[in-house]
Each structure stands twice: as C-alpha cells, then as structure tokens.
1. Every residue in the range B:132-154 that is more than 14 Å from A:A180 (Cβ to Cβ), within 24 Å of the chain's Cα centre (by Cα) and either part of a loop (DSSP other than H, G, I, E, B) or hydroxyl-bearing (S, T, Y) (or both), please.
2. Give the residues of the range B:184-216 that are charged (D, E, K, R) and surrounded by 24 or more Cβ atoms within 10 Å (Cβ to Cβ), sorted by residue number.
3. Looking at the range A:214-224, is at least one residue farther than 21 Å from A:L84 by Cβ and part of a helix (DSSP H, G or I)?
4. List every residue pair whose Cβ atoms lie under 7 Å apart, where the two residues are 6 or more positions apart in sequence or sit on different chains, the first residue falls within the range B:367-394 and is over 26 Å from B:A290 (Cβ atoms), and the second residue, located anywhere, is in a loop (DSSP other than H, G, I, E, B).
5. Hey, among B:L394, B:L329, B:L321, which residue is surrounded by 21 or more Cβ atoms within 10 Å (Cβ to Cβ), of a type in the set (A, V, I, L, M), in a helix (DSSP H, G or I) and at pLDDT below 95?
6. Which one of these does A:A165 not meet: (1) among the aliphatic types (A, V, I, L, M); (2) surrounded by fewer than 17 Cβ atoms within 10 Å (Cβ to Cβ); (3) within 14 Å of another protein chain (Cβ to nearest Cβ)?
7. How many of the residues making up the range B:54-93 are more than 19 Å from the chain's Cα centre (by Cα) and either crowded, with 24+ Cβ neighbours inside 10 Å or within 14 Å of another protein chain (Cβ to nearest Cβ) (or both)?
8. Within the range B:162-184, is even one residue outside any helix (DSSP H, G or I), touching a helix residue (DSSP H, G or I) at 6+ places or on another chain (Cβ under 8 Å), without any contact (Cβ under 8 Å) to a residue 12 or more places away in the chain and among the basic types (K, R)?
Amino acid sequence: MIPNRIKTEGLKKEDLKIVPDIERRQFLKMGLLITGVFAGGSILSATSIVNKAFASVREFAEKYPYKPHYSMVVHQDRCIDCELCMTACVKTNNVPTYGYRTKILERDDPKAADRKREFIPVLCNQCNTPPCVLGCPTKATYKNHSNGIVMMESKKCIGCKTCMAACPYNARYFNEEIGAVDKCDFCFSSRLSKGEKLTACAEACPAKVRIFGDLSDTASDVYNTVHNLEKTVWVLRAEAGAKPNVFYTKG
Amino acid sequence: MAENATKTAEATAIAGGWAGVRIGVLQALHGTKGYYAALIISGMLFLAAVAAGLHAKYIGTMHAYGASREVPWGILISTYVFFVVTSTGLCLVSSIGHVFGVKDFMPIAKRSVFLSIMTIVAGFFVIAFEIENPFRMAIYNVISPNLTSNIWWMGTLYGAYLFFMAVEFTFLVLNKPRIATAMGFMGVVSGIAAHSNLGAVFGMLHGREFWYGPYMPIYFIASAMMSGAATIIFFTWLAYKTNGERMDATMMRALNVTTKVGILLICTILFFTAWKFIAGFVGGEAKSAALELLLTGSYAFNFWVLEMALGMVIPLALFVLSRGQNLKLIAAASAMMIFGIFFMRYDLVIVGQLVPVYYELGVNDYAQLLSYAPSAHEIVIVLGGLAFVGLTFLLGEKIFSGHKSEIH
C-alpha cells in the first residue's frame, strides 16, 4: 500500500524545494524503499527496512537475480527531444519505419515555474515479472537467465499478440519482415553480445539522459544513482506490478 | 444369451444410426427453395471469408485489419470469444440433461452438442486468420509449451474439448448413451477449464486494469451459460421452422426450462455488470475512462442499446411474458440475445484496449483515448464464421434427421 501512495506523490510533487527539510529527507528514504521494491524482484524483503538493508551494501547487491543485471536510469530532465537515440536505435537494430523500440513522450505543464514541457524517453523496461513472458504460449519471448533481458526467439512466435496486449509499456510491435513480434533487447544481439558496453540509444545521447549498466555492480553508475539517498528514483506504472528495470530520476 | 441379445441390439442400433445418417445425406439433397437459397448464401459467405482471410495474409494483416500496435486485438478476437463462449455454453446447457440426468433438458441435448462443435470450429476458423503464424502454433505449442500462459492452456484444453465433444456426438448418433455421457462429462470438465482460461487470458494481464482480476474467468463461465441458453433456444425454433414441423410436448417443455435458465443467467450477468461498474469507478483513472466510454462515450450505443437492451433487458422481459409457452416471443428474445451478446464480446475486447497504457502519465502523446474500427477484411471473415455455423446447422438438420434420436 505504501509504495503506491508514495509513487503518486513522487509524480505530482516533483519540486522538492517546497517540502520542508525533514519531510524531504523522509520522502527520499521512502523513495529508496520504492526503488528497492522494483529493482530486483527478490530484494523486496531486504529493503522493507531501509536502514537494515543499507547496513550491508554487499548483501543488498547480492539479492539481484542476474549477473550482469542490465538496467537503465533515465535522467528525465536532461532530455531535449533531439531523437538521436531513436535514430540510433532504428539504424542499429533494423527497426522498420512502422515500428519503434524507443520513443520520447512529451508532457506539458503550463503552470510550471520554469520549463513548461518535459520529455520522457520510454523503451522496454526489461521487467523482472514481465506480463509478456507470462502470457506467451510458446516461450517465444522469455527472460534471459543470465542477464535479465526480455528477449525474443522469433521462430517460435505464433503472432497471437498477447504480449503486445499484455505489455504495460507499449514496448512491442509486430515486425512483418520477420513475421514475429519485435522489441528492444537492450541492443543485446546488435551490440552487447559483440562486446560493446552500451546500448545504441545510450551511446547516441548527447545529454547523458540514458545511463546504462549493471545494477548488480556496486561500482556502476546505475547502481550508484538508484542507491543514492539524495536522489528520488521512480519507475513508470509501478501499479502494474511488473517490476521494471528502467528507472527514472532528475538532476 | 442375454449378452448376445444385447450385443445384437447394439449392433442393430449402430447400424440404424449410420443408416439414419445415410438417409439424412440423401434427405439433405431434398429441400425447399428457401433451404437451398440459405445453403448457397451461407456457403458463398464462407468461401468469401476464406478468400478474404487468405488475401489478408498475403498483403499483411497490418494493412488488411484495423488493429494496431496499441490496439492489437480486433473483431476477430472478439468473434472468436463469441463463438467459444457460445460453444461452451451449449455444452454446459446440454449437459444438464444428458450428463447430469435432468430429463426435461434431454430433447435439446443432441442439437446442442452438434452446435457446440460447429461453433467452436467456427471460432477456430476465425482465429486462424487472426494468428499470424498458425503453423508455428501447431509445432511450438507442443514442443515449447509455456505453462504460465493462459493462451497455451486455453488452446490445449479447447483442443481436448473439441475431441471429447466430437466423440460424444459420434456416440450419440450411434445410440451409445453411456459412452456419450462419459464423453459429455469430459467435455464439460475440459470446457469449463478451457473457458475459464480464456477469461484469464484477459484477467491475468496485470498491465490492463479494465480486465485485470479474478472477475473475468468467473464472468466468462456465467456468460457462457447465458449464450448457450439463447443459442439452443433460437436454433431449436429455427430447426422446427426449417423442417416445417410442430413441436411436441416434451420439446416445448425442454424449451420452457431452458427459458428459465436464460432468465436466471440474464439476471446473473446483469448483477455482474452492475458490480463491475460500481467497483470499477472506485479504481484508477484509466479504468474509469474505459467504463465511461461504455456509459456515456463512443461505445454508449453498443452498451446501452445492443448489450443491455437487446442482449439482456428486452429478452428478459420477453422470456417472462412468454411464460415459456409463446414460441414467437421466446424465439425473438433468443435472437436478440445472440445479436446483443456478439457486441458484448466486442466491447469487452476492444474497450479494454482503448485506454492507452500511458494514459495516467498525462503525456500529450496519449492524452486521447485510442480508437479501433474493423476493416472490410475482418467483417467478411466474421460473416464467414457466422455463415459456417448457419451452413453446418442446415446440413446437420437434414443429415441427422432433426437430431431426434431419444436419449434414455
């Protein structure tokens, strides 16, 4: 119950300057609680008591189910909608013109004090409990056991589109050329499997919006952003219960 | 001696059963002009659907169908749901008589079983054109099953269901009621399991608030009984019209009790629907938006006129007014129900997808609700599915001589 309430607050009261200091501090702690819940799936119990969980960082990290546990942190306020990420994605992964693996959403707030518009990059959240994988009748889409990426084995796809209906993030489309549903795989087949360290979108971004890395590595940027007490980190559509691995923050 | 006599009697009955079918085939060649016209029209519609489906596959379903990335399931899915709900309902209603032994329901049983087979085949026919790679399905459903997938369970259990129903019907024709009853029972079990899984296909999508929850499997089973009652009433009436016969007292009694089942189930579904709305408005913004589409939005006509008035309220009134005796009222009510229920399935499948997944995020891209309209290809395939049921019903009446063999 608590995470849901906090999540809503996190979305609507983003300007933390107006919150008194003590409350702000508590809020941030609660923010971490949410992060813990959605980060690793199995780390729920470890983060249910924030102080205890952070008493031992190593123990915390070991609860991540995958190694590497690929993850992305999106610094939402840095995005300027240049769409270089989208172009790089299309080029790298041969995405057809009618489909997309990543997109930038726009949100307007006419009453905002400074910027009136913000941009929210979205992509497959590589969820820990992915509704698409749950629903696929033939295991054509599956959770990779070593790195946690939600992948496709196209030859098994019957084209029932249950995964498309199931996805809480609209991350899937039917690729007519390969006759199967297609999606973001964190550039695994096009880049990571060939030794590259970043996804095409993360590499192409001139504003360092997309930070990609291994959440189980305590030295990684993603780990240190997600586990930073001074940061508010959230996920999209937490209520869907899919435990996504794409996190959002500002600053 | 007694054993021999029984065997001889059985052999005679089996021979009689097949002889009846042979005579039926010959009878099918003798019909009125209206009968022929109906056969030809439904046959042509069915062929047109095959052509439309193949053409859609050839040019790509993305171009041929109205579905999209955001609304991936269209009228073919809802029509599939319509057919399999009807089939399961026919199986359940017929089982009251010949599986669970309530004599009053016996006269409608054989036609119900026949129609339940034809409606599920029609469902498979329609969905074959929706599924992009049905051939892969045949292979990977077997060698790469995902046991957490409700689609997998539904497909597999409906396969078993079709088998049991087909065997049951065969033994009904052969006058072997014991095996038929056993198969009927297996059909009921697999039908309920399959059908609740179909509900769960929607109910277990935890990213889709309109469907998510245990409501759907329960609603689907109750709704199936409602469809089944309406369908068997309508087709029994139509059969007697087609064959130009008067109903005897036992058949009238069977329709009378089926009407009561209809009344009970309409009330049940009205109750379910009321609570879905009352509970739904306490939920999130996205769910309320979907419900508002039905109550006051672009689906209000579908909901109030087709689903509520034609599908339930008017038939309920007509069933009550008929007192289970006035055939014209009963037939009109059941026809309206079938028509209304078709749109009930349509609204359920489509409206569940019209609220964008990012709706509550407040982004410009998804500030509006989505839309879907069936394409010409999809409509022809749907009509072809309906025509298939019509065609096989007409042929079945003649071939199996009005499905009259008594079950004891």
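1. B:S149
2. B:E209
3. Checked the range A:214-224: at least one residue is farther than 21 Å from A:L84 by Cβ and part of a helix (DSSP H, G or I).
4. Once the first residue is over 26 Å from B:A290 (Cβ atoms) and sits in the range B:367-394, its partners that are in a loop (DSSP other than H, G, I, E, B) give B:H377/B:Y65.
5. Only one candidate passes the filter, namely B:L394.
6. (2)
7. 17
8. No, the range B:162-184 has no match at all.
The values are calculated or read from the model by the stated rules, or taken from the named source; none is laboratory data. Everything numeric here is computed off the predicted structure, so don't read it as measured data. Methodologically, a virtual Cβ is constructed for each residue, glycine included, from the backbone with ideal geometry; neighbour enumeration extends over all protein chains shown.
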